[in-house]
Amino acid sequence: MKKFCMLNKSFLISVLIYCFLLQSCVGNFLSRVEDRIPYKSLPYQESSMPYPERILARALISTRFKDLEHFKTAVNIIYNHKSNPGENSASLPSVLLNYKSNGETIEVQLESGVTQGDLTQLQKSNKLQQFKFAWFHPAEVRQRKDLEKVHMLSRRRADVFGSKDVAFYDLAEASVSHIHTPELAYLSARDSSEKGFLNTFNHVTAQALITSFFSKDLADLIGDLHERYYMPELLTGQFNEKQLQDTINNPTDNYVDLINNEIGQRLGLQLKEKYKLSQTKKCTPALLASYLNDLQSYYMWALEIGMSPFKATDEKLIKFSNKMNRLLENE
């Protein structure tokens with residue numbers, strides 16, 4: 001089969017562009033905690049996945065939080081950026097998010113490490129510096145080919161895959177268009193913006209698919225590379241006023257992304273087992289439709305909305321499954 005010349009491009013550029021596409025921060029769900037709609041009464045088609053018994057934590061929507069202080073009422077944030085007693089040097093900055101929802105605990109830790117900026121700078125480095133990077137950061141080097149494939153899945157590439165090419169973001173948009181209970185979904189105008197359901201679906205769906213067809217480690221690596229670069233203050237909590245007031249990219253949005261990434265990975269592991277997914281598994285439109293409907297079943301329960309199902313005849317699903325198979329060489 002003909003190889004794609006685009007896959008030979010620098011994986012550093014691949015990671016950078018992929019993470020940029022996922023920059024749209026996603027979010028939170030906090031309001032109406034005491035007034036939940038019963039799971040079985042929601043107006044949607046049942047999925048074969050046993051929700052909410054297996055995934056109890058509800059995904060978050062950032063537009064449901066007024067600011068960082070409001071976010072902290074739902075998620076405990078623990079910083080570690082001070083020197084340890086008896087040590088001469090400061091410990092590496094890190095942050096731990098602890099989110100409890102319906103008896104399930106989601107813990108996400110973001111530590112100091114490689115960022116997208118480091119990868120970009122590496123392109124300009126000499127051979128010795130590149131060797132040192134490979135020595136100290138083997139995970140990034142080891143997963144280079146998979147990172148390139150995910151990069152292609154994250155972008156619309158009509159020049160490679162034909163007109164109306166489909167990426168992760170398009171699948172998220174399709175899920176948003178399936179919402180048929182606007183009175184339940186859109187509690188404010190902001191919920192219909194890119195910071196609302198669209199970003200939540202984008203992060204959870206992309207992280208689930210990456211986990212199912214590749215690995216949780218790869219999905220986690222991609223998410224962390226982005227967050228460390230665009231807002232390193234996430235590790236210390238030392239935000240300036242401009243960052244806190246930013247309506248486009250603020251700490252709350254980024255912390256919400258980290259929580260939703262973990263939820264997407266957990267869903268991805270569950271669906272990986274259910275469908276026996278791997279890079280050698282052929283992704284048919286019927287399989288993809290069933291997979292995405294399972295994700296929508298979770299969205300409907302977790303976010304208290306009704307949604308129409310995907311169908312195997314949907315053009316976006318046909319195009320994305322073909323793209324997946326070409327990249328995984330399963331044609």
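The values are calculated or read from the model by the stated rules, or taken from the named source; none is laboratory data. Model, not experiment: these values are computed from the prediction. Using ideal geometry, Cβ is built from the backbone for each residue, glycine included, and neighbour counts are taken over all protein chains shown. Keep in mind that these areas ignore ligands, DNA and RNA; they rest on the heavy atoms of the full protein, side chains included. Shrake-Rupley method; radii C 1.70, N 1.55, O 1.52, S 1.80 Å.
Reducing region 173-235 and region 55-72 to their Cα centroids gives an inter-centroid distance of 13 Å.
Of the listed residues Asp294, Asp217, the order by accessible area with a 1.4 Å probe, largest first, is Asp217, Asp294.
Kindly rank 255-262, 280-287, 236-243 from highest to lowest mean number of other beta carbons found within 10 Å of each residue.
Values: 255-262: 27.2, 280-287: 15.9, 236-243: 12.1.
Highest-to-lowest ranking by the protection proxy: 255-262, 280-287, 236-243.
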